[in-house]
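**Student:** Mind having a look at this structure? Questions to follow.
The values are calculated or read from the model by the stated rules, or taken from the named source; none is laboratory data. Everything numeric here is computed off the predicted structure, so don't read it as measured data. Cβ placement follows ideal geometry from the backbone for every residue including glycine, while neighbour counts extend to all protein chains displayed. Areas reflect the complete protein model, heavy atoms only, side chains present, ligands, DNA and RNA absent. Shrake-Rupley method; radii C 1.70, N 1.55, O 1.52, S 1.80 Å.
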Amino acid sequence: MKTVLVTGGSRGIGKAICESFSAAGYFVVINYNKSEKEAVALCKSLKNAVAYKADVSKKDEVAAMLTAFPDIDVLVNNAGVSLFGVFHGANDEDIRRLYEVNLFGTLNISRAVLPSMIRKKSGVIINISSVWGECGASCEVDYSASKAAIIGFTRALAKEAGPSGIRVNCVCPGVINTDMNARLSIEETESLVENIPLERLGTPQDVANSVLFLAGDRAEYITGAVLSVNGGFY
Ligand code: NAP
């Protein structure tokens, strides 16, 4: 049985990813930070799963998680936070937190799983970026920059790790109906939907489907890819 580690697996997109991999027969490590209740409930509802608390931005917590689960076949770097407001108005603490979770969290875990993947000469890493990382968003400048960095990281690591039998890909969700977008008013949501050719917001399951595809054998010749899952929005 293959093992998948999903960061931020307790809620939203991460939760749908955990459910999809469990249904596909994987052992699922559900990483969470604050949402213990949700993670434990999800764990109970899945076959072959375990919930594990670690803040992805803290290297010691990441190291402890990988000591507990040293044999990861698929890593999904999904944990993320948003930061909304004008670029010059953001405070240092929020800015640092954003990059520490979105960017350094992804780098920390990827660096920590690679040695065992290299030893096995196999492994898959899937990074969750964002449409804003592709095209940039007003009032989400730091968020967009952190997600653009994930795209660059994906492309570069795919080149470095390919000869070791490791594939590295990235999914860029569009506007997905989760807690992250709970601050949007009905009017803002309607105006976003008007600009989506498929005329609806995305669902966590839309993203999970693409992640499961990229993890599997049907994607065995795909690496360094940036897959847009945004209903044609961009
Ligand atoms: P969400 O509902 O706000 O969930 C965020 C997840 O990240 C939670 O499971 C949370 O876990 C986890 N997380 C945050 N900080 C963490 C940390 N330090 N360590 C471990 N886990 C942490 O967001 P979502 O919409 O599902 O977003 C998931 C990913 O998709 C994010 O990377 C986001 O940037 C990206 N994305 C979302 C959209 C969208 O429209 N929703 C669009 C493009 C990209 P805890 O609650 O346990 O802390």
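**Student:** Can you tell me which residue within segment 146-193, out of those that are touching a Leu at 6+ places or on another chain (Cβ under 9 Å) and within 17 Å of TYR99 (Cβ to Cβ), is nearest to the ligand (Cβ to nearest atom)?
**Tutor:** For segment 146-193, the residue satisfying everything is LYS147.
**Student:** Separate question: Out of curiosity, is SER10 open to solvent by less than 20 Å² (accessible area, probe 1.4 Å), within 15 Å of the ligand (Cβ to nearest atom) and in contact with an Asp or Glu (Cβ under 6 Å, 6 or more places away or on another chain)?
**Tutor:** Criteria met by SER10.
**Student:** Here is a further query. Within the set of pairs 6+ apart or on separate chains, which have a first residue in segment 180-202 that is of a type in the set (Gly, Ala, Ser), a second that is open to solvent by 100 Å² or more (accessible area, probe 1.4 Å) and within 15 Å of the ligand (Cβ to nearest atom), and C-beta atoms under 8 Å apart?
**Tutor:** Going by the 8 Å Cβ cut-off, the qualifying pairs are GLY202/ASN177.
**Student:** Does ALA51 fit the bill of being assigned to a strand (DSSP E or B) and farther than 28 Å from LYS121 by Cβ? Please lay out each step first, then the result.
**Tutor:** Details: assigned to a strand (DSSP E or B): yes; farther than 28 Å from LYS121 by Cβ: yes.
Answer is yes for this residue.
**Student:** Any chance you could count how many residues in segment 194-209 are open to solvent by 40 Å² or more (accessible area, probe 1.4 Å) and either of a type outside the set (S, T, N, Q) or within 13 Å of the ligand (Cβ to nearest atom) (or both)? Let's see the steps before the verdict.
**Tutor:** Pass one, segment 194-209, residues open to solvent by 40 Å² or more (accessible area, probe 1.4 Å): 194-195, 197-200, 203, 205-206, 209.
With either of a type outside the set (S, T, N, Q) or within 13 Å of the ligand (Cβ to nearest atom) (or both) added as a condition, the list becomes 194, 197-200, 203, 205-206.
The number of residues fulfilling the criteria is 8.
**Student:** Sticking with this one: Looking at segment 90-114, I want the residues that are farther than 16 Å from PRO70 by Cβ and among the polar types (S, T, N, Q) and have a partner that is outside any helix (DSSP H, G or I) and open to solvent by less than 70 Å² (accessible area, probe 1.4 Å) with Cβ atoms under 6 Å, at least 6 apart or on another chain. Which pairs are those?
**Tutor:** If the second residue must be outside any helix (DSSP H, G or I) and open to solvent by less than 70 Å² (accessible area, probe 1.4 Å), the pairs left are ASN102/GLY80; THR106/ASN77; THR106/ASN127.
**Student:** Let me ask you something else. Go through segment 168-193 and give me each residue that's of a type in the set (Val, Ile, Thr), at pLDDT 95 or above and either surrounded by fewer than 15 Cβ atoms within 10 Å (Cβ to Cβ) or not in a loop (DSSP other than H, G, I, E, B) (or both). Quick ask: steps written out before the conclusion?
**Tutor:** Step one: of segment 168-193, the residues of a type in the set (Val, Ile, Thr) are 168, 171, 175-176, 178, 186, 189, 193.
Adding the requirement that they be at pLDDT 95 or above leaves 168, 171, 175-176, 178, 193.
VAL168, VAL171, ILE176, VAL193, listed by residue number.
**Student:** Which one of these is near the ligand (Cβ under 10 Å from one of its atoms), surrounded by 14 or more Cβ atoms within 10 Å (Cβ to Cβ) and in contact (Cβ under 8 Å) with a residue 60 or more places away in the chain: LYS58, LYS15?
**Tutor:** Of the residues listed, the single one that is near the ligand (Cβ under 10 Å from one of its atoms), surrounded by 14 or more Cβ atoms within 10 Å (Cβ to Cβ) and in contact (Cβ under 8 Å) with a residue 60 or more places away in the chain is LYS15.
**Student:** Could you tell me whether PRO163 is of a type outside the set (Lys, Arg) and buried (at least 20 other Cβ atoms within 10 Å of the Cβ)?
**Tutor:** no
**Student:** When you scan segment 122-141, do you find a residue that is open to solvent by less than 40 Å² (accessible area, probe 1.4 Å), more than 15 Å from the chain's Cα centre (by Cα), away from the ligand (no atom under 12 Å from the Cβ) and β-branched (Val, Ile, Thr), even just one?
**Tutor:** So far as segment 122-141 goes, no, none of its residues is open to solvent by less than 40 Å² (accessible area, probe 1.4 Å), more than 15 Å from the chain's Cα centre (by Cα), away from the ligand (no atom under 12 Å from the Cβ) and β-branched (Val, Ile, Thr).
**Student:** If you take the residues of segment 28-48 that are closer than 24 Å to ILE166 by Cβ and more than 10 Å from the ligand (Cβ to nearest atom), which of them is farthest from the chain's Cα centre (by Cα)?
**Tutor:** Of segment 28-48, the ones closer than 24 Å to ILE166 by Cβ are 28-31, 48.
From what's left, more than 10 Å from the ligand (Cβ to nearest atom): 28-29, 48.
Values: VAL28: 15, VAL29: 14, ASN48: 21 Å.
Among those that are closer than 24 Å to ILE166 by Cβ and more than 10 Å from the ligand (Cβ to nearest atom), it is ASN48.
**Student:** While we're on this one: Identify all residues within segment 136-167 that are in contact (Cβ under 8 Å) with a residue 24 or more places away in the chain and assigned to a loop (DSSP other than H, G, I, E, B); write none if there are none.
**Tutor:** Those that are in contact (Cβ under 8 Å) with a residue 24 or more places away in the chain and assigned to a loop (DSSP other than H, G, I, E, B): CYS139, GLU140, GLY165.
**Student:** Being touching an Asp or Glu at 6+ places or on another chain (Cβ under 9 Å) and either open to solvent by 60 Å² or more (accessible area, probe 1.4 Å) or more than 13 Å from the ligand (Cβ to nearest atom) (or both) is the filter here; which residues of segment 62-85 pass it?
**Tutor:** Listed by number, the residues that qualify are PHE84, GLY85.
**Student:** Can you tell me which residues in segment 34-48 are part of a loop (DSSP other than H, G, I, E, B) and either free of Cβ contacts under 8 Å to residues at least 40 places away in the same chain or crowded, with 20+ Cβ neighbours inside 10 Å (or both)? Give the derivation first.
**Tutor:** As a first pass, look at segment 34-48 and keep what is part of a loop (DSSP other than H, G, I, E, B): 34-35, 46-48.
The answer is LYS34, SER35, LEU46, LYS47.
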